[in-house]
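So the structure is just underneath, and the comments pick up after that.
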Amino acid sequence: IYAEKIIQEEGLSLRYEHLLPPFIAAFNRKEKMVILTDNQELLKKWGNFALAHALGHWYLHENEIDYVSAETVLKATSEDDKEANLFAGYLLLPDNLMQEWQWLPKHLFSSAFNVPTEVVAFRSNQR
């Protein structure tokens with residue numbers, strides 16, 4: 001699942017900017033915009049999950065602005081961020097996919113489904 005296609009279908013705009021590390025994304029409800037870092041290394045690993053996390057906020061919360069940090073993305077402390085993480089995890093790795101491919105080592109699963117290994121581990125603990 002590529003969250004970018006859903007972002008487009010929802011009429012949200014997407015742009016790339018220099019965000020100070022460790023931030024990988026920002027979401028602005030008023031502007032209907034998701035901003036991703038222009039850091040290619042972070043994008044390669046976290047981009048799809050960051051977009052899915054932003055979609056979680058779009059669908060579930062009334063936040064005007066939210067930032068996504070690579071360091072805390074799966075260690076969220078706020079209820080809104082925990083919910084957005086769960087939304088993103090289930091969107092990108094639904095239960096049927098997790099069950100069908102559970103035999104695959106996490107690093108290969110991560111590569112095949114365009115999510116970080118941390119997200120595969122996170123979702124494995126949700127079942």
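The values are calculated or read from the model by the stated rules, or taken from the named source; none is laboratory data. This one's a predicted model, so the numbers in the text were calculated from it and none came from an experiment. Cβ: placed from backbone, ideal geometry, glycine included. Neighbour counts: every protein chain shown. All accessible areas refer to the heavy atoms of the entire protein, side chains included, with ligands and DNA or RNA removed. Shrake-Rupley method; radii C 1.70, N 1.55, O 1.52, S 1.80 Å.
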Report the equivalent ellipsoid semi-axes for the stretch 81-122 in whole Å, largest first, defined as the square roots of five times the eigenvalues of the gyration tensor built from alpha carbon atoms.
-> 17, 11, 8
Once phi is turned into θ = phi - 60°, what whole-Hz ³J(HN,Hα) does the Karplus curve with 6.51, -1.76 and 1.60 give for every residue of the stretch 102-112, x standing for Gly and Pro?
-> 4, 6, 6, x, 4, 5, 6, 4, 4, 5, 5
Name the residue, out of 55, 14, 92, whose mean-square fluctuation peaks in a Gaussian network model built on the chain with Cα pairs under 10 Å.
-> 14
Considering Cα pairs under 8 angstrom that are at least six residues apart, work out the relative contact order of the chain and quote it in whole percent.
-> 24 percent
Residue-averaged 222 nm ellipticity for the chain, from DSSP H runs of 4+ at -39500 (n - 2.57), nearest 500 = -15000 deg cm²/dmol
Hey, can you find the accessible area per residue of the stretch 45-109 for me, probe 1.4 Å, expressed in square angstrom?
-> 53 Å²
Rg and Dmax of the chain, Cα atoms only, in Å | 13.8, 43
Other-chain or far-sequence residues with amide H under 5 Å of residue 24's (modelled H) = 68, 69, 70
Within the accessible area of the chain (1.4 Å probe), percent carbon and sulfur = 52 percent
Rg and Dmax of the stretch 56-127, Cα atoms only, in Å = 12.8, 40
In a shell of Cβ-Cβ distance under 12 Å around residue 81, excluding residue 81 itself, what net charge do Lys and Arg (+1) and Asp and Glu (-1) give?
-> -2
